[in-house]
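Undergrad: The following block contains the structure, expressed as structure tokens.
The values are calculated or read from the model by the stated rules, or taken from the named source; none is laboratory data. Computed from a predicted model, the values in this text were never measured in an experiment. In this analysis, Cβ positions are derived from the backbone assuming ideal geometry, glycine residues included, and neighbour counts consider all displayed protein chains.
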């Protein structure tokens, strides 16, 4: 039997992977063992077929269902050449140049195979952790220098130490999988492509801080991730990886998936906790911080998917090895996501420090439209627009902050030169108005006023006066909002104004 | 209605051991009936020992929960930044023209409901559209027509 891989990842399926898999089964079902793997993250090549050969896994893509028979006739199952043949997938520059720690198994294994998982290094970190004292595990995390991958970049070790040091019979580990930011899809790909990795990371966290219950809060827009996680959790229980005696260590850890209901704000950690408690997703004031007073008032770890999925490898190889990667205070690897108007979009995991130019024009190949890049938005809808003149910025939290931008979760959305940046600034305010939880006035009302003021400016109504109002408003939202939603919405607005002031003038807009 | 109320109570009972079970319960109710009827709010309030205002507040906070039954095919067009960079706004205009309704509305014959969504996590294969829970990438007007026609056949 020849092993053939066709991704089950929902991005691959969104462009026809299921139909390709069906065509393969029909054309060569008796000759092949079809594995539905995660995606390799080269999304411009999806649907990507991989055939296991003596030379390695040979890739073909992007494949349309009607091309499958032709590929088989041309000898694809023996790894033969073809115009769609990409060669050995692991040797492609995109794959070869990455340092995949978090995404090591994604796209390689069958996401729900426990055999695959262990054969590719799974459970090593958990076994290491369980053999050690909780305080040692937390110390390892601190040494790794891992910072929260959800965007804020708070040191994970410090958070874990706080939960460990807070006395309490009941503690929780919560995974924030409410990946609502445009330009990010790595959480989804990991949950669909290597769910056991997240489960293992959360179990290590539970042991480290003395928690017995965990929740993964997944947004409802990700039905495939929800289904894969639920199945993976069932399998983990069957194998004693979860439950009352994890791997025979005596640790009790129960894990549940909870599904959001279409509220962007629930990606904010305190709003997510409210939602998990069955309430409206209203942001809480901080302090108290969730590490001390979190879910149901108990000490709670809240970490992003990729933060928790980085944990098994850190415990397996040691915090010191992890901290050797990266630059300055940004240690380890970042899972960059190239999105929007980009020729080669997908997931690229590498050590911090790579420049935007290398990512966007190098690996990403520039825009999909073939036109010049105008700007990129880094760090999601609340991140700044970065002009091409700043593409030499190294990807480092502090370097971005110094340039009045935000590295955040490493999601990068590319826009070409047809983009009207005043429209993007307006959209940032419009989005905030749509998704604000409404608890604080700067965000709830400020965003609505923001849309109106931008409309006046672009409409030519007292531009100077209204620009002053907009700047005031941005300052107020930054300083006066309760959480990052209202507090960071001025980022895209101000950066668009700073770098592309011409887009806000009437003459320019009429010329377009 | 009483039979439905029994079903609602059974759904609540199935979540009896869960912490903060209201969202999972509401999801189950909507999965079962396709919407959440106003008349079940008092039932939920009594069963969970919270106020009717609390239940109403939660249902109305989250955009997923519907208060009206709907048999329509739901077409959700992503309007977030990554999809905008490849023409999502044009796709919105196209779909609105195709169906003759605006985002957030259902066609007069009740067959299609058009919605906006902010990010489906398919940002490298934009623009993205979700039709009855299934995601499609690299969407444009022609492909949308094709996908909907296929859906109507099956």
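Undergrad: Looking at B:80, B:72, can you tell me which residue is closer than 24 Å to residue A:223 by Cβ and either crowded, with 21+ Cβ neighbours inside 10 Å or within 14 Å of chain A (Cβ to nearest Cβ) (or both)?
TA: After applying the criteria, what remains is B:80.
Undergrad: Still on this structure: Could you pull out the residue among B:136, B:62 that is within 18 Å of the chain's Cα centre (by Cα), closer than 30 Å to residue A:44 by Cβ and within 9 Å of chain A (Cβ to nearest Cβ)?
TA: Just a single option satisfies the conditions, and that option is B:136.
Undergrad: Of A:342, A:314, which residue is in the same structural domain as residue A:128 (by TED's automatic domain parsing) and in contact with a helix residue (DSSP H, G or I) (Cβ under 8 Å, 6 or more places away or on another chain)?
TA: A:314
Undergrad: Which one of the conditions (1) out of contact with any helix residue (DSSP H, G or I) (no Cβ under 6 Å at 6 or more places or on another chain); (2) farther than 21 Å from residue A:58 by Cβ; (3) touching a residue at least 60 places away in the same chain (Cβ under 8 Å); (4) part of a helix (DSSP H, G or I) does residue A:115 fail to meet, given that it meets all the rest?
TA: Here residue A:115 clears every test but (3).
Undergrad: Separate question: When you scan the stretch A:169-185, do you find a residue that is at positive phi, surrounded by fewer than 19 Cβ atoms within 10 Å (Cβ to Cβ) and away from chain B (no Cβ under 14 Å), even just one?
TA: The answer is no; no qualifying residue exists.
Undergrad: Would a scan of the stretch B:72-81 turn up a residue that is in contact with a helix residue (DSSP H, G or I) (Cβ under 8 Å, 6 or more places away or on another chain), under 24 Å from residue A:274 (Cβ atoms) and at pLDDT 95 or above?
TA: Yes, because at least one residue in the stretch B:72-81 is in contact with a helix residue (DSSP H, G or I) (Cβ under 8 Å, 6 or more places away or on another chain), under 24 Å from residue A:274 (Cβ atoms) and at pLDDT 95 or above.
Every residue, every condition in (1) modelled with pLDDT of 95 or more; (2) in contact with a strand residue (DSSP E or B) (Cβ under 7 Å, 6 or more places away or on another chain); (3) not in a helix (DSSP H, G or I); (4) not assigned by TED's automatic domain parsing to the domain that holds residue A:238, yes or no:
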residue	(1), (2), (3), (4)
A:59	yes, yes, yes, yes
A:63	yes, yes, yes, yes
A:66	yes, no, no, yes
A:90	yes, yes, no, yes
A:102	yes, yes, yes, yes
A:109	yes, no, yes, yes
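Undergrad: Taking the conditions exactly as written (facing chain A (nearest Cβ under 8 Å) and under 19 Å from the mean Cα position of the chain (by Cα)), does residue B:33 satisfy them or not?
TA: So residue B:33 does not fit the description; no.
Undergrad: Based on what the data block shows, is residue A:498 free of Cβ contacts under 8 Å to residues at least 40 places away in the same chain, over 20 Å from residue A:182 (Cβ atoms) and under 34 Å from the mean Cα position of the chain (by Cα)?
TA: no
Undergrad: Does the stretch A:153-176 contain at least one residue that is within 27 Å of residue A:224 (Cβ to Cβ) and either in a loop (DSSP other than H, G, I, E, B) or not assigned by TED's automatic domain parsing to the domain that holds residue A:123 (or both)?
TA: No: the stretch A:153-176 contains no residue that is within 27 Å of residue A:224 (Cβ to Cβ) and either in a loop (DSSP other than H, G, I, E, B) or not assigned by TED's automatic domain parsing to the domain that holds residue A:123 (or both).
Undergrad: Exactly one condition in (1) at pLDDT 95 or above; (2) within 30 Å of residue A:421 (Cβ to Cβ); (3) in a loop (DSSP other than H, G, I, E, B); (4) within 13 Å of another protein chain (Cβ to nearest Cβ) is false for residue B:50; which is it?
TA: (2)
Undergrad: Can you pull out every residue in the stretch B:42-71 that is closer than 30 Å to residue B:109 by Cβ and touching a helix residue (DSSP H, G or I) at 6+ places or on another chain (Cβ under 6 Å)?
TA: B:65
Undergrad: A further question on this structure: Considering only the stretch A:122-139, I want to know if a residue exists there that is within 30 Å of residue B:120 (Cα to Cα), touching a residue at least 60 places away in the same chain (Cβ under 8 Å) and either surrounded by fewer than 17 Cβ atoms within 10 Å (Cβ to Cβ) or not assigned by TED's automatic domain parsing to the domain that holds residue A:35 (or both).
TA: Yes, some residue in the stretch A:122-139 is within 30 Å of residue B:120 (Cα to Cα), touching a residue at least 60 places away in the same chain (Cβ under 8 Å) and either surrounded by fewer than 17 Cβ atoms within 10 Å (Cβ to Cβ) or not assigned by TED's automatic domain parsing to the domain that holds residue A:35 (or both).
Undergrad: Would you pick out the residues in the stretch A:398-414 that are more than 23 Å from residue A:188 (Cα to Cα) and touching a residue at least 24 places away in the same chain (Cβ under 8 Å)?
TA: Scanning the stretch A:398-414 gives A:398, A:399, A:404, A:405.
Undergrad: Within the bounds of the stretch A:195-211, is there any residue that is within 11 Å of another protein chain (Cβ to nearest Cβ), at pLDDT 95 or above, surrounded by 24 or more Cβ atoms within 10 Å (Cβ to Cβ) and under 30 Å from residue B:132 (Cβ atoms)?
TA: No - not one qualifying residue is present in the stretch A:195-211.
Undergrad: In this structure, does residue A:325 turn out to be over 16 Å from the mean Cα position of the chain (by Cα) and buried (at least 19 other Cβ atoms within 10 Å of the Cβ)?
TA: yes
Undergrad: Please report, ordered by residue number, the strands (runs of 3 or more DSSP E) entirely within the stretch A:331-414 with at least 3 residues that are within 25 Å of residue A:93 (Cα to Cα) and away from every other protein chain (no Cβ under 14 Å).
TA: Counting at least 3 such residues, we get A:346-351.
Undergrad: A further question on this structure: Before we move on, is residue A:429 touching a residue at least 40 places away in the same chain (Cβ under 8 Å), assigned to a helix (DSSP H, G or I) and either on the phi < 0 side of the Ramachandran plot or touching a helix residue (DSSP H, G or I) at 6+ places or on another chain (Cβ under 9 Å) (or both)?
TA: Answer is yes for this residue.
Undergrad: Considering A:461, A:475, which residue is within 22 Å of residue A:406 (Cβ to Cβ) and over 28 Å from the mean Cα position of the chain (by Cα)?
TA: A:475
Undergrad: Are any of the residues in the stretch B:95-104 without any contact (Cβ under 8 Å) to a residue 12 or more places away in the chain, within 14 Å of another protein chain (Cβ to nearest Cβ) and surrounded by 15 or more Cβ atoms within 10 Å (Cβ to Cβ)?
TA: no
Undergrad: Something else: Only residues in the stretch B:120-132 that are facing chain A (nearest Cβ under 7 Å) and at pLDDT below 95 count as the first member; pair them with residues that are surrounded by 24 or more Cβ atoms within 10 Å (Cβ to Cβ) and part of a loop (DSSP other than H, G, I, E, B), Cβ under 8 angstrom, at least 6 apart or cross-chain, and list the lot.
TA: Correct list of pairs: empty, since none qualify.
Undergrad: Take the stretch A:237-257 and flag every residue that is in a loop (DSSP other than H, G, I, E, B) and either touching a residue at least 12 places away in the same chain (Cβ under 8 Å) or under 16 Å from residue A:171 (Cα atoms) (or both).
TA: Those that are in a loop (DSSP other than H, G, I, E, B) and either touching a residue at least 12 places away in the same chain (Cβ under 8 Å) or under 16 Å from residue A:171 (Cα atoms) (or both): A:239, A:241, A:242, A:244, A:249, A:251, A:252.
Undergrad: Between B:142, B:152, which is farther than 25 Å from residue A:340 by Cβ, at pLDDT below 95 and not in a loop (DSSP other than H, G, I, E, B)?
TA: B:152
Undergrad: Mind counting the residues in the stretch A:403-422 that are surrounded by fewer than 17 Cβ atoms within 10 Å (Cβ to Cβ) and farther than 20 Å from residue A:358 by Cα?
TA: Residues that pass the stated criteria total 2.
Undergrad: From the list A:240, A:278, which one is within 12 Å of chain B (Cβ to nearest Cβ) and over 24 Å from the mean Cα position of the chain (by Cα)?
TA: Of the residues listed, the single one that is within 12 Å of chain B (Cβ to nearest Cβ) and over 24 Å from the mean Cα position of the chain (by Cα) is A:278.
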